[in-house]
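The values are calculated or read from the model by the stated rules, or taken from the named source; none is laboratory data. Given the structure is predicted, the values throughout are model-derived calculations rather than measurements. Note that each Cβ is placed from the backbone with ideal geometry, even for glycine, and that neighbours are counted across all protein chains shown. Ligands, DNA and RNA are stripped out before the accessible areas are found, and what is left, the full protein with its side chains, is counted by its heavy atoms. Shrake-Rupley method; radii C 1.70, N 1.55, O 1.52, S 1.80 Å.
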Amino acid sequence: MPRNRTRPPKAHGGDPADRRRRAAGWIVLAGAAAVAVASAHDYAGGWNDGSRLATVESLVDHHTLAIDRSIFSGIDLQGRHPTYEDLKDSPYHPEYPLMGLFGTLDKIHVDGRFYSHKSPVPALLLAGWYAIWQALTGMTAKSNPNAFCYWMTLGSSGLSYVVAVLSVFQLGRVLDVPLRIRLGLTAGFGLATVALPYTRFVNDHILLLAVAALLALNLARLARAWIGQPAPPARLPWARVAWAGCLAGLAYTIDLGTGPVLLLCTAAVIGYRLRRAAGLALAVFSLGALPWLALHHAVNWQIGGTFTPAASVPEYFTWPGSPFTAENMTGVWNHDSIGCFLWYAASLLVGIDNSEGLFYRGFFGHNLPVLLALPGVAVALRRRPAELPEVLWAAAWCLGTWLLYSLLSNNYSGTCCSIRWFVPLVAAAYYIVAVLVRESPQYRLDLAVLTGVGLLVGACMWSVGPWTPEEVPWIWHLQAIGLGGWLLCILPRLRRRPIEQSAAAPEAKPKRQR
């Protein structure tokens, strides 16, 4: 017999706490939207977003995936020398006119045509937004490249940012984090991490961040069906399982490094939560993911004739002027030794490699609040909260992604702010941090300190944007201040712990005299 659950009566607006929660939600929405509107640039920042925008323009205006005719592919001078008139309407950064001349180099050459080597599915989705914008305004990418770049950025990266921030705010509510702490978590996520600078241009990384945040929220809601109940619910939440599959499948198509790891980890936690009907649960999960996987591989086959990523085929990069070779491609082992691999893996996290001036790229140093995920996993393993499976899901996804890119890359994710591949991992880390500050309130001071300094780091990252070739201004000073402040939070706890342990220890029994 299904159990009768008593639900609290719905509030009708008279509860002051309920009004505060709703007001906070609207404030978060308005703040995130304002940041997105103010952040979007009206030009392409480099090869990365230029490659994606070239596919979007080509799909709608030229009805092809090939980007040869796109304004983002460079200017065809037909033997002429470039003039100011040629470059004044460039869709790229006005301070880099040669980028408008040569166009994006993030492309592959297949059967005499150029294609973007970025994942095709996000471009298909953005092409739908471009078609709507074109129908409403009558403008095209070629007739008004600045408006095109701005609105494509706002409709992709800006929208993804708003979705991700709202998802983290709602995640705090589902995890029973107090409202004041939820607001601090949300502010830190949106303003003190790499989520902020990646709002400035079109990119897949912030799109995957939004998908990951939605997935974390969905898994938290799925777990709530078991918390505090003596047995699993009578009606299993199949809609949430299918939604989890849909999000994990979409993540797979966005990034072929991070996405497959997320898909496997999500399938594992779904199978565990619904282990009494694991076979059916995984079937529903797979059905949710399958359309995205089929779409990705079908388009990938049409472009490169392979089910593996087209960008992993070295022959497609053998064209004059290509900056990519077998030695710097992502997706293959390019380390000279195991020691080089270990050093590179550590450098991705903390930025210790100065061999090519990339010592400032470390992921943790650009996302100071994320450091709390490290003690968060340890605390969860010790206290075993109800969300422990989801905490392990988040940790496993982060660890798997880090190891995968450490093994199959050596280029620090190219020219970018921090490590662009790890931008989506911020959502998983904040799931762990949210559980930590709820289970161990003493870490709330740590969160406040790291978030406070992180806000300054975020502002500096925002000023240079995601495609910066240089280190973020003041990054070393701010990292030192943040780590020093965190150490001051930790030391008093370390001093108290031996005293507490000795006070809690039973008194030693006197030895019996013979």
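Normalised by the residues of the stretch 412-481, what does the relative contact order come to in percent, with Cα pairs under 8 Å and at least six apart? Write out the running numbers ahead of the final one.
Working: 36 pairs, mean separation 29.6, N = 70.
Relative contact order of the stretch 412-481: 42 percent.
Return the calculated 222 nm mean residue ellipticity for the chain, to the nearest 500 deg cm²/dmol, obtained by summing -39500 (n - 2.57) across DSSP H runs with n ≥ 4 and dividing by the residue count.
On the way: 19 runs with 296 residues, N = 514.
After summing the helix terms and dividing by residue count, I get -19000 deg cm²/dmol.
Specify the angular offset, from 0 to 90 degrees and rounded to the nearest 10, of the alpha carbon long axis of helix 388-407 from the longest principal axis of the alpha carbons in the chain. The helix 388-407 is inclined about 40 degrees to the chain.
For the stretch 159-218, what's the relative contact order in percent, using C-alpha pairs closer than 8 Å and at least 6 residues apart? Could you put the intermediate results ahead of the total?
Values: 51 pairs, mean separation 30.7, N = 60.
Reported relative contact order: 51 percent.
I'm spelling it out carefully: the read-out is Cα extents along the principal axes in Å, the candidates are (1) 96, 52, 48; (2) 233, 44, 30; (3) 104, 57, 46, and one was derived from this structure. Which label? Only one listed value fits the structure, namely (3).
Given R0 = 35 Å, the distance between the Cβ atoms of ARG22 and ALA225 translates into a calculated FRET efficiency of 0.90. Computed from the C-beta positions of LEU381 and LEU403, the FRET efficiency with R₀ = 25 Å rounds to 0.80.
Rounded to the nearest 0.05, what FRET efficiency do LEU98 and LEU491 have when you use their Cβ-Cβ distance and R0 = 35 Å?
Details: r = 52 Å, r/R0 = 1.49.
Calculated transfer efficiency: 0.10.
Taking the C-alpha atoms only, the angle from helix 159-174 to the longest principal axis of the chain is near 10 degrees. Close amide H pairs (under 5 Å, H built 1.01 Å from N) link LYS107 with HIS117, residues at least 5 positions away or on another chain. Were the residues from HIS477 through LEU388 laid out at 0.36 nm apart, the gain over their Cα-Cα distance would be 28.5 nm. Would you kindly state the longest site-free stretch of the chain, with sites defined as GluC sites (Glu not before Pro) in a DSSP loop (not H, G, I, E, B) surrounded by at most 14 other Cβ atoms within 10 Å? No qualifying site falls inside 96-326, the longest such stretch.
How long is the gain from ALA147 to TRP238 if the chain were fully straight, where each residue apart is worth 0.36 nm and the alpha carbon distance is subtracted?
Numbers: separation 91, 0.36 × 91 = 32.76 nm, distance 4.23 nm.
Result: 28.5 nm gained on full extension.
Simple rule: put +1 on each Lys or Arg Cβ and -1 on each Asp or Glu Cβ in the chain, find the dipole, and look at GLY365, GLY259, ALA23; the Cα lying farthest toward the positive end is ALA23.
With a 1.4 Å probe and every protein chain left in place, work out the accessible area per residue of the chain in Å², rounded to a whole number.
I get 47 Å² per residue for the chain.
Working from Cα positions, state the angle (0 to 90°, nearest 10) between the long axis of helix 425-439 and the longest principal axis of the chain. Taking the Cα atoms of the chain, the angle to 425-439 is about 20 degrees. Each part reduced to its alpha carbon centroid, the stretch 365-434 and the stretch 206-222 end up 14 Å apart.
Only Cα pairs under 8 Å and at least 6 apart count here; give the relative contact order of the chain as a rounded whole percent. Don't skip to the end; give the middle numbers.
Working: 760 pairs, mean separation 80.9, N = 514.
Relative contact order for the chain comes out at 16 percent.
Solvent-accessible area assigned to carbon and sulfur over the chain amounts to 63 percent, based on a 1.4 Å probe.
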